[in-house]
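One structure is given below, encoded as structure tokens.
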Amino acid sequence: MKSRWWQQAVVYQIYPRSFMDTDGDGVGDLPGILARLDYLAWLGVDVLWLCPIYRSPNDDNGYDISDYCAIMAEFGTMADFERLLAAAHRRGMRVILDLVINHTSDEHPWFVESRSSRDNPKRDWYIWRDGRNGGPPNNWESIFRGPAWEHDAATDQWYLHLFTRRQPDLDWENPAVRAAIHAMMRWWLDTGVDGFRIDAITHIRKAPGLPDMPNPQGLAQVAAYPYHMNVAGILDYVDELIRATLAGRDAMTVGEANGIGPDAAEEWVGATRGRLSMILQFEHWHLWSNAPQAALDVMALRRILGRWQRALHGRGWNALYLENHDLPRVASRWGDPQRHPRESATALATMYFLMEGTPFIYQGQELGLANAGFASLADFQDSFAHNRIAEMRASGMSEDAILDEMRRTGRDTSRTPMPWDDGPHGGFTTGTPWLAAHQDARRLNVALQQADETSVLNHYRALIALRRREPVLIHGRYTELAMRSTRIYAYTRGEGSERIAVMCNLSGRPATFRHAGFALDSGGLLLANGPVAPHGPRHVLSLAPWEARVYRAATAS
């Protein structure tokens, strides 16, 4: 594979609403991101992924766009964005925008026109259908719960919304819709942005005829939707988008790709296909969503991530991540924030960060934050949370049981303001924050962790530096070790004399394993997340609970 700049990069995801507020209104803004660029440069990240900053009524915190070419007033102005972009570029960082093209806000002018009458020229820019037997056109349920159809009394038809009722789906079968999306993307690239993270891209094509389907149960966000997710022909839309928008441009494209497995990944990101740079796959966090109260299944995690590593080596590229704005904190999902907070956060970080692919860090992850502790159900702001709470109440669950589940699974648990120091509201705002400050803001903030060489933050900084100085960690082959272990996730990168070994005990118990083919010497230790005990035999490794080590592997003797 020809090496590309985004393969060398580390991406930092910013949730602007919660990153840094400079005007005291309790909501983060673009000047706030600008004010913290030196921190991001110090950390060593190369790419900033900005969650949606477009004009929006905020039904889904910006993922409901009412004007693709304007900035949300709470975040600032287009001039603020241009200053931020220029300042990031001066520091050698690139900026990609989160782009929602499956749907718009119901306040977008396109939809305002579309719903105005059945014969409006933009009527077929969205998916309208007659009802069936006095109800919706089919049985589809929204990914955010409830029916996926909303009745419009003025025209007596129903429109499709796979997410909230205020996020109507665009009809991608209409060439005019696709042309408008392409023009908008070119406009942003012409302003100097370096690419896009494309939201819900696997949902843009719907099955012809919109047939009924078995609706998934459980946490619907990670379920299968055979008639509106990864439907045959969707790659034709992707090919057209790339040709019309990105041809001749050196841009980074990241697709949010629910429903894509490693066997199909090369079709989306293969080096010879000319499609997306990488995709954010969902398979590994299904382990948590299918069993939110269960401990991490290390063998299953190794099996899933290993399949992705092998499927794309030399053929495509992986996006590596553990957290994002749609997930609770990984420290609470898979770590041990009570007994081993620093150790578990750094072990999990080491495990995923040094695989083949581009690592992503979600703001606050580098501090080892656990889930925010919400005091009541009234504190949750997320649309999906509101629907889920209503659903659980209707099922007869007690308020305490609902609160307990939402503290584990709610998206707001990872969206609280970034803690910068131990001042009021973690230094995020001088006003009242839109979500209360994290309960650990006083002890897990940026200022304190920058000064502590053993902190989670400095471990992430060391991982970034290690990846940058060791070429084998970019393109070296991934080979699993300790494949029968239920506690240790270990692998090597590279082959022969050029190998680096990564060993992580992802459990609260000591673990030992014997390895063959290479030796580990204390002199070859590249990184550890704590004190390293004296070595025993060169082919036996004992790890304390949540201990992680990275070695340059010596030739076996």
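Conditions tested, residue by residue: (1) in a loop (DSSP other than H, G, I, E, B); (2) within 26 Å of the chain's Cα centre (by Cα); (3) of a type in the set (D, E, K, R); (4) under 29 Å from ILE71 (Cβ atoms).
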residue: LEU99; (1), (2), (3), (4): no, yes, no, yes
residue: SER105; (1), (2), (3), (4): yes, yes, no, yes
residue: TRP110; (1), (2), (3), (4): no, no, no, yes
residue: SER116; (1), (2), (3), (4): yes, no, no, yes
residue: ASP119; (1), (2), (3), (4): yes, no, yes, no
residue: PRO137; (1), (2), (3), (4): yes, no, no, no
residue: PHE144; (1), (2), (3), (4): yes, yes, no, yes
residue: ALA154; (1), (2), (3), (4): yes, no, no, no
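Within the range 159-176, the only residue that satisfies the criterion of being surrounded by fewer than 24 Cβ atoms within 10 Å (Cβ to Cβ) and of a type in the set (S, T, N, Q) is ASN174.
Kindly indicate whether TYR225 is surrounded by 13 or more Cβ atoms within 10 Å (Cβ to Cβ), among the aromatic types (Phe, Trp, Tyr) and in contact with a Gly (Cβ under 8 Å, 6 or more places away or on another chain). In short, yes.
Among the residues that make up the range 470-479, is at least one of them farther than 27 Å from ARG333 by Cβ, among the small types (Gly, Ala, Ser) and at pLDDT 95 or above? Checked against the condition, which is being farther than 27 Å from ARG333 by Cβ, among the small types (Gly, Ala, Ser) and at pLDDT 95 or above, the range 470-479 yields at least one hit.
Being in a helix (DSSP H, G or I), without any contact (Cβ under 8 Å) to a residue 40 or more places away in the chain and either farther than 30 Å from ARG273 by Cβ or more than 24 Å from the chain's Cα centre (by Cα) (or both) is not true of GLU82. Of the helices (runs of 4 or more DSSP H) lying entirely inside the range 303-417, the ones with 2 or more residues being among the β-branched types (Val, Ile, Thr) are found at 341-353, 399-409. Here ALA490, ALA465 are screened, and the one residue that is small (Gly, Ala, Ser) and part of a helix (DSSP H, G or I) is ALA465.
Taking the stated definitions as given, is GLY255 assigned by TED's automatic domain parsing to the domain that holds VAL95, under 17 Å from GLY357 (Cβ atoms), of a type in the set (Gly, Ala, Ser) and outside any helix (DSSP H, G or I)? Considered against the rule, which asks whether it is assigned by TED's automatic domain parsing to the domain that holds VAL95, under 17 Å from GLY357 (Cβ atoms), of a type in the set (Gly, Ala, Ser) and outside any helix (DSSP H, G or I), GLY255 comes out as yes. Scanning the range 96-111 for residues that are surrounded by fewer than 18 Cβ atoms within 10 Å (Cβ to Cβ), at pLDDT 95 or above and small (Gly, Ala, Ser) turns up nothing. Say we look at the range 119-136 and pick out the residues that are more than 12 Å from HIS151 (Cα to Cα) and loosely packed, with under 12 Cβ neighbours inside 10 Å; which of these is modelled with the lowest pLDDT? Of everything passing the filter in the range 119-136, ASN133 is modelled with the lowest pLDDT.
Within the range 32-67, the set of residues being in a helix (DSSP H, G or I) and buried (at least 18 other Cβ atoms within 10 Å of the Cβ) comprises GLY32, ILE33, LEU34, LEU40, LEU43.
The values are calculated or read from the model by the stated rules, or taken from the named source; none is laboratory data. Remember, it's a predicted structure, so these values are computed and weren't measured experimentally. Note that each Cβ is placed from the backbone with ideal geometry, even for glycine, and that neighbours are counted across all protein chains shown.
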